[in-house]
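Undergrad: Before I ask anything, here is the structure I am working with.
The values are calculated or read from the model by the stated rules, or taken from the named source; none is laboratory data. For clarity, every value in this text was computed on a predicted model and none was experimentally measured. Neighbour counts are summed over all protein chains in view; Cβ atoms, including those assigned to glycine, are modelled from backbone coordinates with ideal geometry. The area values use the complete protein model at the heavy-atom level, side chains included, leaving out ligands, DNA and RNA. Shrake-Rupley method; radii C 1.70, N 1.55, O 1.52, S 1.80 Å.
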Amino acid sequence: MKHYYNPMSRAVTTDWMLKELGIEHQQITIDLTSNTPELQQLRDINPMGKLPTLVDGETVVTEVAAICAYLADKYPEKHLAPAIYSAHRASYYRYLFIAGNTIEPALTLAASEINHPNPTTAGWGDLTRVIATIETMTPKTGWALGEQFTAADIVFGGLLDSSVMFGILEASPKVAAYLARLRHRPAYIETHQSFIDIVG
């Protein structure tokens, strides 16, 4: 299994997932600023040329949520996803997919000081609704699905964490408390130290 990675990319989140699982893999660090053979190899595998990219044998998986979901299902004994037919599966999917589909686009536009000309037609609506949704979905205690820490926390929590670090999102007390719990996890500490050192 190969994980294409850069410490200043979204691959920090999938690196966290891999460390939570504790599985062997090859980490291939990509310099996105120069045309290295590794970068060309990445583009051959993933035409977007984006990180993260995971290669598992003949299988190529891109996108943070897809990689985390794939890994959680590949290693069910690690309990990073609810069982397929569990009542928690629907909520789990919502946390996985709202991060990239709804929250990140809204925060990215806001950080760029761009207003969508007609937010009613945008899948993410508007920033006010996104912030309200973040507050509602952030757990008061424990994790997104209750007592069981899952890939949902890595994807949803990871996005909130990086958004706060980069000053894109102002953490409410509830969000700040959730992030503090995430930041105490050994796998988070191991995978985010370079990122923290760079961001400050």
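Undergrad: Consider segment 126-142. How many of its residues are of a type in the set (D, E, K, R) and either in a helix (DSSP H, G or I) or on the phi > 0 side of the Ramachandran plot (or both)?
TA: First, the residues of segment 126-142 that are of a type in the set (D, E, K, R): 126, 129, 135, 140.
Still in the list and also either in a helix (DSSP H, G or I) or on the phi > 0 side of the Ramachandran plot (or both): 129, 135.
Qualifying residue count for the region: 2.
Undergrad: Of these, 62, 36, which one is free of Cβ contacts under 8 Å to residues at least 24 places away in the same chain and touching a helix residue (DSSP H, G or I) at 6+ places or on another chain (Cβ under 9 Å)?
TA: On the way: 36 fails: touching a helix residue (DSSP H, G or I) at 6+ places or on another chain (Cβ under 9 Å).
So the residue among 62, 36 that is free of Cβ contacts under 8 Å to residues at least 24 places away in the same chain and touching a helix residue (DSSP H, G or I) at 6+ places or on another chain (Cβ under 9 Å) is 62.
Undergrad: Further question on the same structure: Read through the list (1) free of Cβ contacts under 8 Å to residues at least 12 places away in the same chain; (2) part of a loop (DSSP other than H, G, I, E, B); (3) loosely packed, with under 11 Cβ neighbours inside 10 Å, then give the number of the only condition that residue 123 fails.
TA: Condition (1) is where residue 123 drops out.
Undergrad: Tally up the residues in segment 143-174 that are more than 16 Å from the chain's Cα centre (by Cα) and in a helix (DSSP H, G or I), please.
TA: The qualifying residues number 2.
Undergrad: Name the single residue that is most open to solvent (accessible area, probe 1.4 Å) among those in segment 72-90 being touching a Leu at 6+ places or on another chain (Cβ under 6 Å) and in a helix (DSSP H, G or I).
TA: To start, the set of residues in segment 72-90 that are touching a Leu at 6+ places or on another chain (Cβ under 6 Å) comprises 72, 75, 78, 88.
With the extra rule that they be in a helix (DSSP H, G or I), the set shrinks to 72, 78.
Working: 72: 3, 78: 87 Å².
Looking at residues that are touching a Leu at 6+ places or on another chain (Cβ under 6 Å) and in a helix (DSSP H, G or I), I get 78.
Undergrad: Here is a follow-up. Return yes or no: is residue 20 free of Cβ contacts under 8 Å to residues at least 24 places away in the same chain, closer than 23 Å to residue 75 by Cβ and not aromatic (Phe, Trp, Tyr)? Full working, then the answer.
TA: On the way: free of Cβ contacts under 8 Å to residues at least 24 places away in the same chain: no; closer than 23 Å to residue 75 by Cβ: yes; not aromatic (Phe, Trp, Tyr): yes.
Here the answer is no, as residue 20 does not meet what is asked.
Undergrad: Is it the case, given these coordinates, that residue 110 is in a helix (DSSP H, G or I), open to solvent by less than 10 Å² (accessible area, probe 1.4 Å), over 19 Å from residue 7 (Cα atoms) and modelled with pLDDT under 95?
TA: Numbers: in a helix (DSSP H, G or I): yes; open to solvent by less than 10 Å² (accessible area, probe 1.4 Å): no; over 19 Å from residue 7 (Cα atoms): yes; modelled with pLDDT under 95: yes.
When the stated conditions are applied, residue 110 does not pass them.
Undergrad: It is to be established whether one or more residues within segment 56-65 are under 18 Å from the mean Cα position of the chain (by Cα), buried (at least 17 other Cβ atoms within 10 Å of the Cβ) and in a helix (DSSP H, G or I).
TA: Checking segment 56-65: at least one residue is under 18 Å from the mean Cα position of the chain (by Cα), buried (at least 17 other Cβ atoms within 10 Å of the Cβ) and in a helix (DSSP H, G or I).
Undergrad: Restricting attention to segment 31-50, and to residues there that are in a loop (DSSP other than H, G, I, E, B) and not polar (S, T, N, Q), which single residue is surrounded by the most Cβ atoms within 10 Å (Cβ to Cβ)? First the steps, then the outcome.
TA: First, pick out the residues of segment 31-50 that are in a loop (DSSP other than H, G, I, E, B): 31-36, 46-50.
Then keep just the ones that are not polar (S, T, N, Q); that gives 31-32, 47-50.
Values: 31: 10, 32: 14, 47: 9, 48: 11, 49: 15, 50: 17.
Among those residues, the one meeting the criterion is 50.
Undergrad: Further, regarding this structure: Run down 144, 132, 152, 171 and say which single residue is under 21 Å from residue 64 (Cβ atoms), of a type in the set (Gly, Ala, Ser), surrounded by fewer than 20 Cβ atoms within 10 Å (Cβ to Cβ) and at pLDDT 95 or above. Quick ask: steps written out before the conclusion?
TA: On the way: 144 fails: surrounded by fewer than 20 Cβ atoms within 10 Å (Cβ to Cβ); 132 fails: under 21 Å from residue 64 (Cβ atoms); 152 fails: surrounded by fewer than 20 Cβ atoms within 10 Å (Cβ to Cβ).
Selected residue: 171, the only one of 144, 132, 152, 171 that is under 21 Å from residue 64 (Cβ atoms), of a type in the set (Gly, Ala, Ser), surrounded by fewer than 20 Cβ atoms within 10 Å (Cβ to Cβ) and at pLDDT 95 or above.
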